[in-house]
Amino acid sequence: MKNLIIILFVLSCGIFAQNGKITGRVVDRDTKEPLPGVNIVLIGTNKGAASDADGNFEIGNLEPGRYQIKASFIGYEPITKSEIIVTNVRPAELLIELKQKVIEIESVTVSSGYFNSDPYELNSTANFSYEEIRRAPGGFEDVIRALSVLPGIAQASPGRNDLIVRGGAPSENLYLVNGYPVQNINHFGSQGATGGPLSYVNLDFVRETNFSTGGFSVAYGDKISSVLRIDLREGRTDRLGGKATISATQFGLDFEGPVSGNSSFIISARRSYLDFIFDAAGFNFVPEYYDALAKYDHKIDSKNSLSFLFLGAFDKVKYNNNNSDDLYENSRILGSNQNEYLTGLSYRHIYDRGFYDISLSRNFFEINASQKDTNLTPIFLNNSIEGENTLKFDAVYKLNNRSEINLGVILKSVKFKTDIFFPQFVTSYGDTLNVGELKLNERYSKYAGYVQYSTTAGMFLFNVGLRADYYSFLTSRFYLAPRVSVSYMLDPSQAISISGGVYYQSPSYIWLAGSEENKSLRAIRANQLIAGYELKLRDDMRLKAEAYYKYYNDYPVSKLRPYLILTNTGAGFGGSTDNFSSFALETLVSSGKGFARGIEVSIQKKSSDIPHYGILSVTWNESIFTALDGVERPGKYDQKWIINLSGGYIFNSTLEGSLKFRFATGNPYTPFEPDGKQLVEKYNSLRFKPFHSLDIRVDKRWYFENFALITYIDIQNIYNNKSSNEISWDDRKKEVDVQSSIGILPSIGISLEF
């Protein structure tokens, strides 16, 4: 009993047996050159440091806890970084990028900023650090789920990562991991789209994310709604260390450390454990997944560096057909075994006025999907491979302290192979799909180039750029996309901005398989116009308001189903309940059009000397699309109002609590008739009831002599609101099956860092 009391006391108090430290590197944000002599101050203490000739600094002898630092340097804008977690087992390693001052205002002192700004993305961007993502309530420590609190983001389903950005489809989002393009970063991802239930990027190694919801620069293309950049950190350089984790859905083990004095490595492996629980509980459908990450960084010298990355996910499903009920339920599910990976090698060279990156990467996606009836006779089989080999060159050249040029070239070789068995299928609208057997084995090419000029003139900041894309597999192959953005600083605390441009996206590879005529499709075009206003209420708090308009043209639509436009597909697991719409295995034409427009207002407070943080966002938006029949209808993912409130309070250095509340107008849907049919004239004519939920989370840290313990309790949808978000037809009961969103879902997480 005495020993138990001692153990409980230790766990409640922790043992601060040794101190931690903060290390980092300071560079010019534009040229990436190291900055020596930068003053680094630990806010609230008398401790600090100055960066050396290589831009490196170290602040040691720190008690484990949460810190903020301020970095300042003559001729550069000061910056404040919060959410720096110091432990006794691993240094807190920072990369600080300072922006050169280009606007001087007399008698005005420029304060340090908590909000990072991108000089090339003047509108619609948000940054999240590792800690901000990790502690997000209801987020499963998932990179994508943490983004759902931002304005303009709708969720197709609370249980999935299908991002609906400003009225766009789930297929319209671009993912970049360390600059490498990735088709989808989710387990059990949707072919041709970008969603899935859970991201396979290990958050432990994410340094920060940058998310653009529109108006992004010419450096990014072949997607028309959003860009998510995920930057991974380097491995620790002091000694070998690691982390063991068990969370809501998975367990895993990480290792990292130095290889030599100028190189480091990271390796990680994770596995789901829900399949053990589902099997034991007798579930009819059992998912199982693994993922792995390996990273190696080598600094050749102060001007040259190499980096290697491998990121993989391996998913499979199991069917327990123990009785007639299991057989029926499984007959309604499109299940898939999937293997996907990203591997890449990049080289960076820093020169006097800038830098350039050269990268070679491969992104591979293999899917083996099937759906069978109650007699286990296949009604849909799909074996597909999508492989992309990408060679990229990106460069920045600074003309002077006010102007610079960005340029790049992208060469992509694609292999697309598919083997589909899809016998005659009658949709719920009465359309007959008669694909039969379909085999395709082709190679495609994608080429792109861009150039952008950025300059500051007085209180104005200008970006103007031009992008060219070439798609070898389309009849109309060449596309030019001009873009421009302007920002005007009214005073040091507020600015207005406007951006506009043309964006193109090639059709998903699977959309080309249904007919030879589909190669006559054009790239989807979206013209975007965005106006914004930003006000800094405090150093740690800002208000943003934006209005946007997107006009879509040349969207693929079905000739067989003239009411179907593919912007209404891509979310969920698809299959017969979706009439296999997302695969589009039929003749398509580029006759679809539509628009999305909206107004977004958000207030965000960063963690600072005031121990609370949060973001409130309010979005009004609508999306209207027209298919081949010429009828204007609301988009399937149209949500008129979206309100998010997320925030937390830091009680002390080891304990904090947070919550997230979300309200969203219901999505449109098509009702079923008493005979189980759906009518085209009622397509998307009704709406589900509004959805709202509250998530609550508590995080606690303990520090011991040789390890640190991080724990949390996370309760999603705490008042158990089961709003309907999808309907299907139950052929056995001859009635509508109304499917509800996830009810109350408690989870815990435990991480042991050593």
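Values as computed for the structure displayed
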| read-out | value |
| --- | --- |
| Condition check for Gly235: part of a loop (DSSP other than H, G, I, E, B) and modelled with pLDDT of 95 or more | yes |
| Residue among Asp254, Asp222 that is closer than 21 Å to Glu132 by Cα, touching a Ser or Thr at 6+ places or on another chain (Cβ under 7 Å) and acidic (Asp, Glu) | Asp254 |
| Failed criterion for Ser302 (all others in (1) touching a residue at least 60 places away in the same chain (Cβ under 8 Å); (2) within 28 Å of Asn202 (Cβ to Cβ); (3) small (Gly, Ala, Ser) hold) | (2) |
| Qualifying residue in segment 169-189 (condition: in contact (Cβ under 8 Å) with a residue 12 or more places away in the chain, assigned to a strand (DSSP E or B), in contact with a helix residue (DSSP H, G or I) (Cβ under 7 Å, 6 or more places away or on another chain) and not β-branched (Val, Ile, Thr)) | no |
| Count of residues meeting criterion [touching a strand residue (DSSP E or B) at 6+ places or on another chain (Cβ under 6 Å) and either within 24 Å of Asn725 (Cβ to Cβ) or of a type in the set (D, E, K, R) (or both)] in segment 577-605 | 9 |
| Subset of segment 599-632 that is over 26 Å from the mean Cα position of the chain (by Cα) and not in a loop (DSSP other than H, G, I, E, B) - its residue that is surrounded by the most Cβ atoms within 10 Å (Cβ to Cβ) | Thr626 |
| Complete set of residues in segment 588-612 that are among the hydroxyl-bearing types (Ser, Thr, Tyr), within 21 Å of Glu172 (Cα to Cα) and touching a helix residue (DSSP H, G or I) at 6+ places or on another chain (Cβ under 9 Å) | Ser590 |
| Residues within segment 454-468 that are touching a Gly at 6+ places or on another chain (Cβ under 7 Å) and surrounded by fewer than 22 Cβ atoms within 10 Å (Cβ to Cβ), tallied | 1 |
| Check on Glu705, in contact with a Phe, Trp or Tyr (Cβ under 8 Å, 6 or more places away or on another chain) and either part of a loop (DSSP other than H, G, I, E, B) or under 25 Å from Lys243 (Cα atoms) (or both) | no |
| Any hit, segment 685-692, residues being under 23 Å from the mean Cα position of the chain (by Cα), in contact (Cβ under 8 Å) with a residue 60 or more places away in the chain, under 27 Å from Ala169 (Cα atoms) and not in a strand (DSSP E or B) | no |
| Residues of segment 254-280 classified as out of contact with any Phe, Trp or Tyr (no Cβ under 9 Å at 6 or more places or on another chain) and either not aliphatic (A, V, I, L, M) or not assigned by TED's automatic domain parsing to the domain that holds Arg239 (or both), total | 5 |
| Scope segment 330-353; condition surrounded by fewer than 16 Cβ atoms within 10 Å (Cβ to Cβ) and among the charged types (D, E, K, R); matching residues | Asp352, Arg353 |
| Options Lys550, Lys640, Lys559, Lys593: the member that is in the same structural domain as Ile153 (by TED's automatic domain parsing), basic (Lys, Arg), modelled with pLDDT of 95 or more and crowded, with 21+ Cβ neighbours inside 10 Å | Lys550 |
| Hey, Leu407 closer than 20 Å to Leu176 by Cβ and under 24 Å from the mean Cα position of the chain (by Cα) or not | no |
| Residue in segment 101-120 that is at pLDDT 90 or above, in a strand (DSSP E or B) and not polar (S, T, N, Q) present | no |
| Close pairs (6 angstrom Cβ cut-off, 6 or more residues apart or separate chains): in the same structural domain as Lys446 (by TED's automatic domain parsing) in segment 414-433, of a type in the set (Phe, Trp, Tyr) anywhere | Val414/Tyr444; Phe416/Tyr509; Phe422/Phe380; Leu433/Phe425 |
| Selection within segment 471-483 - loosely packed, with under 15 Cβ neighbours inside 10 Å and either assigned to a strand (DSSP E or B) or not assigned by TED's automatic domain parsing to the domain that holds Leu411 (or both) | Phe478, Leu480, Pro482 |
| Filtered residues of segment 209-227 (kept if assigned to a strand (DSSP E or B) and under 22 Å from Lys446 (Cα atoms)) | Ser226, Val227 |
| Any hit, segment 653-661, residues being closer than 22 Å to Ile599 by Cα, in the same structural domain as Gly574 (by TED's automatic domain parsing) and part of a strand (DSSP E or B) | yes |
| Qualifying residue in segment 504-518 (condition: on the phi < 0 side of the Ramachandran plot and part of a strand (DSSP E or B)) | yes |
| Single residue of Ala395, Ala369 found to be part of a strand (DSSP E or B), over 25 Å from Lys299 (Cα atoms) and among the aliphatic types (A, V, I, L, M) | Ala369 |
| Given (1) crowded, with 19+ Cβ neighbours inside 10 Å; (2) within 27 Å of the chain's Cα centre (by Cα); (3) aliphatic (A, V, I, L, M), index of the condition Leu95 fails | (1) |
| Matching option when the condition is touching a Lys or Arg at 6+ places or on another chain (Cβ under 8 Å), in contact (Cβ under 8 Å) with a residue 24 or more places away in the chain, among the acidic types (Asp, Glu) and in the same structural domain as Ser272 (by TED's automatic domain parsing), among Glu329, Glu366, Glu404 | Glu404 |
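Residues checked against (1) free of Cβ contacts under 8 Å to residues at least 12 places away in the same chain; (2) outside any strand (DSSP E or B); (3) within 25 Å of the chain's Cα centre (by Cα):
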{"site": "Lys722", "(1), (2), (3)": "no, yes, no"}
{"site": "Trp729", "(1), (2), (3)": "no, no, no"}
{"site": "Val736", "(1), (2), (3)": "no, no, no"}
{"site": "Gly749", "(1), (2), (3)": "no, no, yes"}
{"site": "Leu752", "(1), (2), (3)": "no, no, no"}
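A quick yes/no check of all residues on (1) surrounded by 19 or more Cβ atoms within 10 Å (Cβ to Cβ); (2) touching a strand residue (DSSP E or B) at 6+ places or on another chain (Cβ under 7 Å):
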{"position": "Lys660", "(1), (2)": "yes, yes"}
{"position": "Lys682", "(1), (2)": "no, no"}
{"position": "Gln716", "(1), (2)": "yes, yes"}
{"position": "Ile748", "(1), (2)": "no, yes"}
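The values are calculated or read from the model by the stated rules, or taken from the named source; none is laboratory data. All values derive from a computational prediction rather than experimental measurement. Cβ: placed from backbone, ideal geometry, glycine included. Neighbour counts: every protein chain shown.
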